[in-house]
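Student: Have a look at the structure that comes next, please.
The values are calculated or read from the model by the stated rules, or taken from the named source; none is laboratory data. What you see is a predicted model, and the numbers here were worked out from it, not measured in a lab. Every residue, glycine as well, gets a Cβ built from its backbone with ideal geometry; the counts of neighbours run over all protein chains shown.
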Amino acid sequence: MKKLTSRIAAIAIGLLVASTIGVVAQSEDPMAPSFFSGDGGLDPSYTVETSQTRPDGVVAETLVLSARWASNDSRIDGLMTNSGTTLDYRQGALSDSATGVTGVIGSSLVRVVNDDGAWEGTLDSITIEDEGTDHVSGWLVGEGAYEGLMAYVVIDYNSPCCKLSGHITPEGQPSAPEAFPEQ
């Protein structure tokens, strides 16, 4: 347990140092990693393309959403277009829930465009109705001036609407450990 606690503390310190370095380096190197935060829901436009209630009461929808993203890292600013699907378990499927808790899950193809380039990838979402959880997250790949970069994006719909946060990095997604650490 001590080894695991030490590793977690080392990772936390590393992230703190990396975020400080990323903020300093961002102004010097356009390819530098950085953490960002901002608003992911300015001027939203939302259209439900199709909606179907399945025999089990789950509502399946396809949708298109657009909004403007504004961040403290201008590389991730821009017009976001989201084409997605959702499965809404809040109404008719309640009796099928083993816990009695319901919500919505979804997956979207997202593209963010600005004057210097674009970001594209898949963001997955989960809303847990009884817990007030409403998050979207995933990896976007950079294009144009952002080629060679990836952005991990989290949108929190719980706090003031559409809080955007994440990390831009040239390293990409971290690899998972090959085995659990020895205890």
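Student: Here are some residues: 40, 78. Which one is crowded, with 18+ Cβ neighbours inside 10 Å, at pLDDT 95 or above and either of a type outside the set (Val, Ile, Thr) or more than 18 Å from the chain's Cα centre (by Cα) (or both)?
Tutor: Every option except 78 fails the conditions.
Student: Right, something else. Would you point out which residue out of 88, 77 is charged (D, E, K, R) and within 24 Å of residue 36 (Cα to Cα)?
Tutor: Of the residues listed, the single one that is charged (D, E, K, R) and within 24 Å of residue 36 (Cα to Cα) is 77.
Student: Go through the range 152-183 and count every residue that is modelled with pLDDT of 95 or more and either touching a Lys or Arg at 6+ places or on another chain (Cβ under 8 Å) or among the acidic types (Asp, Glu) (or both).
Tutor: 1
Student: Name, by its number, the condition in (1) part of a loop (DSSP other than H, G, I, E, B); (2) among the hydroxyl-bearing types (Ser, Thr, Tyr); (3) modelled with pLDDT of 95 or more that does not hold for residue 99.
Tutor: Failing condition for residue 99: (3).
Student: Residues of the range 162-178 being surrounded by 15 or more Cβ atoms within 10 Å (Cβ to Cβ) and either charged (D, E, K, R) or touching an Asp or Glu at 6+ places or on another chain (Cβ under 8 Å) (or both), which ones?
Tutor: Passing the criteria: 162, 163, 164, 165, 168.
Student: Considering (1) part of a helix (DSSP H, G or I); (2) of a type in the set (Asp, Glu); (3) buried (at least 18 other Cβ atoms within 10 Å of the Cβ), say which one residue 134 fails and leave the rest.
Tutor: If we test residue 134 against (1) part of a helix (DSSP H, G or I); (2) of a type in the set (Asp, Glu); (3) buried (at least 18 other Cβ atoms within 10 Å of the Cβ), just (1) comes out false.
Student: For the range 36-75, what are the residues that are of a type in the set (Asp, Glu) and in contact with a strand residue (DSSP E or B) (Cβ under 9 Å, 6 or more places away or on another chain)?
Tutor: 39, 43, 49, 61, 73
Student: Still on this structure: When the residues of the range 28-58 are narrowed to those that are touching a helix residue (DSSP H, G or I) at 6+ places or on another chain (Cβ under 8 Å) and hydrophobic (A, V, I, L, M, F, W, C), which ends up farthest from residue 91 (Cα to Cα)?
Tutor: 32
Student: Still on this structure: Which residue out of 126, 105 is more than 25 Å from residue 68 (Cβ to Cβ) and part of a strand (DSSP E or B)?
Tutor: 105
Student: Out of 60, 67, which single residue is farther than 18 Å from residue 37 by Cα, of a type in the set (A, V, I, L, M, F, W, C) and at pLDDT below 95?
Tutor: 60
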